[in-house]
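No value in this document is a laboratory result; all are computed from the given coordinates. Keep in mind that this is a model prediction, so the values were computed, not measured. A quick note on method: Cβ atoms are made from the backbone with ideal geometry, for glycine too, and the neighbour counts reach across all protein chains shown.
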Amino acid sequence: MDDVRRYVREQYSAAARRGSCCGPDHPGLINMTRSNYDRSELEGAPAGIEARSFGCGNPVEHAGLLPGETVLDLGCGAGLDMFIASRAVGPEGRVIGLDMTGEMLVAAAENLRELKNVTLVGGFIEEIPLADESVDVVLSNCVINLSPDKSAALGEAFRVLRPGGRLCVADTVFIRPVSEDIAGSLAAWSGCIAGALQEDDYLERMKTAGFSDVEVRRMKVYAVPEALASMAFPDLSESGRREMDGALASAIIKGRRPLRDGDVI
Ligand SMILES: C[S@@+](CC[C@H](N)C(=O)[O-])C[C@H]1O[C@@H](n2cnc3c(N)ncnc32)[C@H](O)[C@@H]1O
């Protein structure tokens, strides 16, 4: 496994064990989750699932899930989006969660133990261990930015979607160019910042992977004041810390796998 994946896995293992994302020993993980969900969506959710949720948006809200659909959550973490999706697809549907971090899968298994329509799978989003054209919807929440090979992850998402299937992802994006040295901060990478793509680059990579109807919709621009950046990203240069403020946003990214001639849906 490469250094980025190893570092990211260590950080999320520790976060899963600790049950919260922020702390002096894990400086990079700034909590972007707060206020992404309505209270009604969290009704009946297991205690503690929100504290182990490290997303930057609410992909289920934008995915238009239908009863009976098969959904794959890339980098499912402790399972909050799976919990919400499980209700939306109902007993005839299925929600599959994929994550590379064992501790996260253990937390998800505990959180989702009463749900009959969920399955958890260990593995990488760049090498999804599922058959071609086997899911209706791919969801993901703040994970693709963490990948050292985002084009491979998008290509894999496309491969496992059935023709006509949808991708609906919440992710971080840069809304203006930032200097290269930001990408060198592993703390900022594992905090869902340094690995973020520029909005245009995301769109292009979606199209290259084969998606149609692609859209990158900006949701929230993050303030990262220098004082917070210097505490959270001690391995980042001073100019890198200054640049971050107002450069990063959360976005909802959507695309569709086009139908081929003769496909029946
Ligand atoms: C920021 S957390 C988000 C978790 C979850 N989606 C949520 O909203 O709470 C990132 C998650 O993605 C997983 N992850 C990161 N890179 C991955 C990769 N290349 N393949 C599989 N899982 C990955 C981590 O283990 C972690 O659980």
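Multiplying the sequence separation of ASP235 and SER212 by 0.36 nm and subtracting their Cα-Cα distance, what value in nm do you get?
4.4 nm
Using all alpha carbons of region 121-265, what is the percent of pairwise distances in each 10 Å bin, ordered from the shortest bin to the longest?
Per 10 Å bin, starting at zero, the Cα-Cα P(r) for region 121-265 comes out as 12, 40, 29, 15, 4, 1 percent.
What residues have an amide H closer than 5 Å to that of THR70, excluding those fewer than 5 places away on the same chain, when H is modeled at 1.01 Å from N in the peptide plane?
ARG94, ASP136, VAL137
So how much slack lies between ARG260 and ARG159, counting 0.36 nm per residue of separation and subtracting their Cα-Cα distance, in nm?
Working it through step by step, the gained length comes to 35.0 nm.
For the Cα atoms of the chain, what angle does the longest principal axis make with the long axis of helix 102-111, in degrees from 0 to 90, nearest 10?
Result, in degrees: 60.
Multiply the residue gap between LEU42 and ASP3 by 0.36 nm, knock off their C-alpha separation, and tell me the result in nm, one decimal place.
That pair, LEU42 and ASP3, stretches by 10.5 nm at full extension.
Could you list the trypsin sites (Lys or Arg not before Pro) in region 163-265 that lie in coil according to DSSP, counting only those with at most 13 other Cβ atoms within 10 Å of their Cβ?
ARG260
Which value in nm describes the separation of the simple spin-label points at ALA227 and ARG17, placed 7 Å from the Cα toward the beta carbon?
Those two pseudo-labels are separated by 3.2 nm.
What are the ³J(HN,Hα) couplings of region 173-183, residue after residue, when phi is run through the Karplus curve with 6.51, -1.76, 1.60 and θ = phi - 60°? Round to Hz, x for glycine and proline.
9, 8, 9, 8, x, 10, 6, 4, 5, 4, 5
Have a look at GLY75, GLY102, GLY55 and tell me which one the Gaussian network model of the chain (Cα, springs below 10 Å) gives the largest fluctuation.
For the chain, modelled as a Gaussian network with Cα springs under 10 Å, the answer is GLY102.
Please determine, in degrees from 0 to 90 and to the nearest 10, the orientation of helix 199-209 with respect to the longest principal axis defined by the Cα atoms of the chain, where the helix direction is its Cα long axis.
Compared with the principal axis, the helix lies near 40 degrees.
Please give the residues of region 50-65, grouped as numeric ranges, whose backbone N is less than 15 Å from a label point set 7 Å along the Cα-to-Cβ vector of MET219.
Answer for region 50-65: 53-65.
Can you work out ³J(HN,Hα) from phi for every residue in region 137-147, in order, using Karplus 6.51 cos²θ - 1.76 cosθ + 1.60 and θ = phi - 60°, giving whole Hz and x for Gly and Pro?
Here the 3J(HN,Hα) series is 9, 9, 10, 6, 9, 6, 10, 4, 4, 7, 6 Hz.
So, in nm, how far is label GLU92 from label ASP201 when the simple model puts each one 7 Å beyond its Cα toward the Cβ?
Simple spin-label model gives 4.3 nm for this pair.
Compute the distance in nm between two label points, each set 7 Å from the Cα along the Cα-to-Cβ direction, one at ALA183 and one at GLU114.
4.6 nm
Quick one: putting +1 on the C-beta of Lys and Arg, -1 on the C-beta of Asp and Glu, what dipole do you get for the chain around its Cα centre, in Debye to the nearest 20?
Value, rounded to 20: 420 debye.
Where does helix 150-160 land angle-wise versus the long Cα axis of the chain, in degrees 0 to 90, nearest 10?
10 degrees
Which Cα, out of ASN111, SER230, ALA247, lies furthest along the positive dipole direction of the chain (beta carbon charges, K/R +1, D/E -1)?
ASN111
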